[in-house]
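The structure appears right after this line, and notes come after that.
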Amino acid sequence: MNLAINIKEGIGDLHFNMPVEEVSALLGKADEVEDIDNAADEPTTVLRYNDLGLTLFFEGESPVLACIDVANEDCTLFGKEVFDMDERQIVEVMVKNGYPEQDVDEEDWGERRVSFPEGNIDFFLDEGELVSIVMGA
């Protein structure tokens, strides 16, 4: 599967706002499915594809792809293997490609989050090593 990250669009053939049925037709049956019904927010369906390192979040009454969490070392960002990069290299490639503003936070669970709000993408690092990328439209 093509795992090229396209900022604010999706990853590979997965595009934000795709319905669950279309994603399932593309990727097959998910390893895990979870429905989250939070009274304060829209209902959320989570599909996990463990072998692909993808967790997909669908929101709304007619659920569409709203968020992707990727932990697959084969994914690329602007043509580069992003999981081979350190924090400095990630920042450099994002800035070079038009995303100069970033926020850095230490999460309660110990990971470091480097966020690029304009690109709606977060990079999570554990002891300097990239462990996951979370992105939205």
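The values are calculated or read from the model by the stated rules, or taken from the named source; none is laboratory data. Only a predicted model underlies this, so the values are computations on that prediction, with no experimental measurement involved. Every residue, glycine among them, receives a Cβ derived from its backbone with ideal geometry; neighbour counts consider all protein chains shown. Surface accessibility is based on the protein's heavy atoms, side chains included, excluding ligands, DNA and RNA. Shrake-Rupley method; radii C 1.70, N 1.55, O 1.52, S 1.80 Å.
Search the structure for amide H atoms under 5 Å from the amide H of Val64, placed 1.01 Å from N in the peptide plane, and list their residues when 5 or more places away or on another chain.
Glu59
I'd like the accessible area for Asp35: 1.4 Å probe, protein heavy atoms, all chains in place, Å² to the nearest 10.
The accessible area of Asp35 comes to roughly 120 Å².
Give me the one-decimal nm value for the distance between modelled label points at Asp74 and Ser62, 7 Å along each residue's Cα-to-Cβ direction.
3.3 nm
Compute the Rg to Rh ratio over segment 55-121 from the alpha carbon atoms, using the Kirkwood formula for Rh, and round to two decimal places.
Rg/Rh for segment 55-121 comes to 1.01.
Which whole-Hz ³J(HN,Hα) couplings does segment 8-24 yield from phi under the Karplus relation 6.51 cos²θ - 1.76 cosθ + 1.60, θ = phi - 60°, glycine and proline marked x?
In residue order, the calculated couplings are 6, 10, x, 9, x, 7, 8, 10, 4, 6, 6, x, 3, 4, 5, 5, 5 Hz.
So, in nm, how far is label Arg48 from label Glu101 when the simple model puts each one 7 Å beyond its Cα toward the Cβ?
3.5 nm
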